[in-house]
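*Asks:* One structure, as structure tokens, below. Some questions next.
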Amino acid sequence: MTEMGLGYPKLGLLIGIFVAGYGLAHIPAGMISEAFGMRFAMLLGIAVVALGAGLAAIAPGYSVLLVARFLSGIGASIYVGASLGLTAAWFRGHELGTANGIVSGIAFTMGAWLGLYVWIDVVTAFGWRGGLLAAGGVAAASFLLLLFVFPMPKSGGQGEVGARNLNMASLKRTFGNRDLWLVGASFIGGYGSYLTASQLLPQFTAERLQLEAHEAGLLGDILLFSGILGGPLGGWLADRVFGVIPTFIAACIVQAAAQFLVPHLGFSGLVVASAVIGASSIMAFSAWISTPGFCRDQLEISDIPTACGLMLTISAIGGFVVPILYGWMMAHSGYRAQ
């Protein structure tokens, strides 16, 4: 902001343009995995992220910075899609929900923590450009490591990791699957409300309870970190106890109940509610994103990145609509309407 003379709207666009690239690329990213293999897609995604971070670090102006951020979002979408397919190749038929819970709960949360909090010290030491170069270096190192040491499944889906399977039959299996459309649509509200809570709950709390920003920000930290427990727990319940759909529905109900209570709670109650919202949301997501992997009679392993991309694209409607709806309701009805 200081170096380029940016206001908050342009800063917000830098954040949003990454999300735009990430969201728009979900389905194409899955198709890249099917067309060229999941190993190729994983490496490509990481390479694009490294390129995006490096370009952002040397950007001479705001326009180039926007392009770099958009490019980084596309790269992230490509390797996320590949990782979902690779997880299914490793664990389809046994503990797939738990595996996805570890990926989406523990790995994703720890990555977000490193990026959002640990990297503050890196930026403080080396500046924002140096911090981005360091991040790009981590991505480049990951690319080189996976280029030579790639975790291939020992059996089952090994042949799918490098296979090229994009054809009309695969597209028909995915886009003609009514269940995928229904399951994708079922998380529009849950996905949108989770994103809204994770971004706006601290602000809501600070204004309503007249708290300092760092106190209110604690709720965002708790909401994020509770996913470390929620992801594996949701996967385990899906695998061993209730099954995928009952676990997903139960977690969504818990999430909704906690969010309904938010306007009626003090700070201590909001701490608990934040933990419940974060854990239950990732519980629901872990079960939800595992759905294509359990459709053994309808989808091939190679179809899973595109199938997950379809579901994520549908659910992203909630990520766009719910925050807008929240803002409108707050403007017209006040705190209790949230």
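The values are calculated or read from the model by the stated rules, or taken from the named source; none is laboratory data. What you see is a predicted model; the values in this text were computed from it and never measured. For neighbour counting, all protein chains shown are included, and Cβ atoms are generated from backbone atoms with ideal geometry for every residue, glycine included.
*Asks:* Test Val19 against the stated conditions and say whether it is under 22 Å from Leu312 (Cβ atoms), touching a Phe, Trp or Tyr at 6+ places or on another chain (Cβ under 8 Å) and in contact (Cβ under 8 Å) with a residue 12 or more places away in the chain.
*Replies:* No: the conditions fail for Val19.
*Asks:* Would you point out the residue of the stretch 19-55, among those that are among the aromatic types (Phe, Trp, Tyr) and surrounded by fewer than 21 Cβ atoms within 10 Å (Cβ to Cβ), that is farthest from Val80 (Cα to Cα)?
*Replies:* Ranking the qualifying residues of the stretch 19-55, first place goes to Phe36.
*Asks:* May I ask you to verify whether Glu207 is under 25 Å from Arg92 (Cα atoms) and at pLDDT below 80?
*Replies:* Here the answer is no, as Glu207 does not meet what is asked.
*Asks:* Conditions first: (1) under 20 Å from Ala88 (Cβ atoms); (2) at pLDDT 85 or above; (3) surrounded by fewer than 20 Cβ atoms within 10 Å (Cβ to Cβ). Ala250 passes all but one, so which condition is the exception?
*Replies:* With respect to (1) under 20 Å from Ala88 (Cβ atoms); (2) at pLDDT 85 or above; (3) surrounded by fewer than 20 Cβ atoms within 10 Å (Cβ to Cβ), Ala250 is out only on (1).
*Asks:* Is there a residue in the stretch 281-304 that is farther than 30 Å from Leu201 by Cα and in contact with a Gly (Cβ under 6 Å, 6 or more places away or on another chain)?
*Replies:* yes
*Asks:* Further, regarding this structure: Can you confirm whether Ala89 is over 24 Å from Cys295 (Cα atoms) and aliphatic (A, V, I, L, M)? Reasoning before the result, please.
*Replies:* Numbers: over 24 Å from Cys295 (Cα atoms): no; aliphatic (A, V, I, L, M): yes.
It is false that Ala89 is over 24 Å from Cys295 (Cα atoms) and aliphatic (A, V, I, L, M).
*Asks:* Ok, one more. Ala316 versus (1) modelled with pLDDT of 85 or more; (2) within 12 Å of Gly190 (Cα to Cα): which is the lone unmet condition?
*Replies:* (1)
*Asks:* Still on this structure, please answer the following. Please count how many residues of the stretch 259-300 are surrounded by fewer than 23 Cβ atoms within 10 Å (Cβ to Cβ), in a helix (DSSP H, G or I) and aliphatic (A, V, I, L, M).
*Replies:* 6
*Asks:* Taking the criterion of being of a type outside the set (S, T, N, Q), part of a helix (DSSP H, G or I) and over 30 Å from Ile304 (Cα atoms), would at least one residue in the stretch 93-115 satisfy it?
*Replies:* no
*Asks:* Can you list residue pairs whose Cβ atoms sit under 9 Å apart, with the first residue in the stretch 92-111 being in contact (Cβ under 8 Å) with a residue 24 or more places away in the chain and farther than 27 Å from Gln298 by Cβ and the second being in a loop (DSSP other than H, G, I, E, B) and of a type outside the set (Phe, Trp, Tyr)? Count only pairs 6 or more apart in sequence or on different chains.
*Replies:* Once the first residue is in contact (Cβ under 8 Å) with a residue 24 or more places away in the chain and farther than 27 Å from Gln298 by Cβ and sits in the stretch 92-111, its partners that are in a loop (DSSP other than H, G, I, E, B) and of a type outside the set (Phe, Trp, Tyr) give Thr109/Ser226.
Residue-wise test of (1) within 24 Å of the chain's Cα centre (by Cα); (2) crowded, with 17+ Cβ neighbours inside 10 Å; (3) more than 14 Å from Ala88 (Cα to Cα); (4) modelled with pLDDT of 90 or more.
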site	(1), (2), (3), (4)
Ser142	yes, yes, yes, yes
Gly159	no, no, no, no
Ala163	no, yes, yes, no
Arg173	no, yes, yes, no
